[in-house]
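Before any comments, here is the structure.
What follows draws every value from the coordinates through simple rules; no lab data is involved. Because the structure is a prediction, the values reported are computed rather than measured. When we count neighbours, we look across all protein chains shown, and the Cβ atoms used for this are built from the backbone with ideal geometry, even at glycine.
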Amino acid sequence: MNTLYPEAGMSMVKVLERLGHTVDWHEDIYCCGQPAFNAGYWDEARQVATPVVKKLAADGSDAIVIGSGSCGAMLKVFYRDLFANTALAGDATALGDRTWEFSDFLVTKLGRLIEQVRGLELIEMRDAETCCGFGGTFCAKFPAISTAMGEVKCASAAETEAEYIVSNDASCLMQIQGILDRQHKPIKTLHLAQVLARQ
């Protein structure tokens, strides 16, 4: 997030603080370990993820809010498997219970919806739930399939004639914007936090 979409991270902080939350950012946490985990290198994933579990387990926060659905899923769901039968199993489970993806936190925990943004017309694309094809290491292992999936997603977006595609996942935004740019389409991508921060 802080490398590829720093404005989205700053927007998340702005939105959360506007809603009355105190935000603490751990600059020494770099990666959740998902690329290695998805590639089947669980030992290497554990090496990357161990400092994350230790740091967040000790920070005392009520909620951990993540601006990427795939990283959120790693902490919330897959850390339980990754750290099962280890000394960090309990911490990983407790961490998952406190972890929220940003949009889920706003909708489920706080009841804030994108439809409430002033001046925004929400146009749902056809097959909105269909994957863009990025999928962590999937795009590297199967580039032709990944690109084809992304092109289908971009075609659905173009049919809406919308100006922006809004997503809650940085990797999806990167995949979709890259394809749109190669196709010379005028549609731009924005992280949900950026939309909400502009309100």
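Quick check: convex hull of the Cα atoms in the chain, volume per residue, rounded to a whole Å³?
Details: hull volume 24.1 nm³, N = 199.
Spelled out: Cα convex hull of the chain, divided by residues, is 121 Å³.
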Helix-only mean residue ellipticity at 222 nm, the chain, DSSP H runs n ≥ 4 weighted -39,500 (n - 2.57), per residue, nearest 500. What is it? -13500 deg cm²/dmol
Round to a whole angstrom and tell me the spacing of the C-alpha centers of the range 123-175 and the range 2-30. 24
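For the range 109-199, what does the equivalent ellipsoid look like in terms of its semi-axes, each the square root of 5 times an eigenvalue of the Cα gyration tensor, given largest first in whole Å? Before the final figure, lay out each step's value.
On the way: eigenvalues 115, 44, 26 Å².
Each semi-axis is the square root of five times an eigenvalue, giving 24, 15, 11 Å.
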Sorted by chain and then number, the residues having a modelled amide H within less than 5 Å of the amide H of THR189, at least 5 places away or on another chain, are ILE165
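Taking the number of other C-beta atoms within 10 Å as the exposure measure, put HIS21, HIS26, HIS191 in order starting with the fewest.
HIS26, HIS21, HIS191
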Show the residues, 5+ positions off or on another chain, whose built amide H is closer than 5 Å to the amide H of VAL65. TRP100
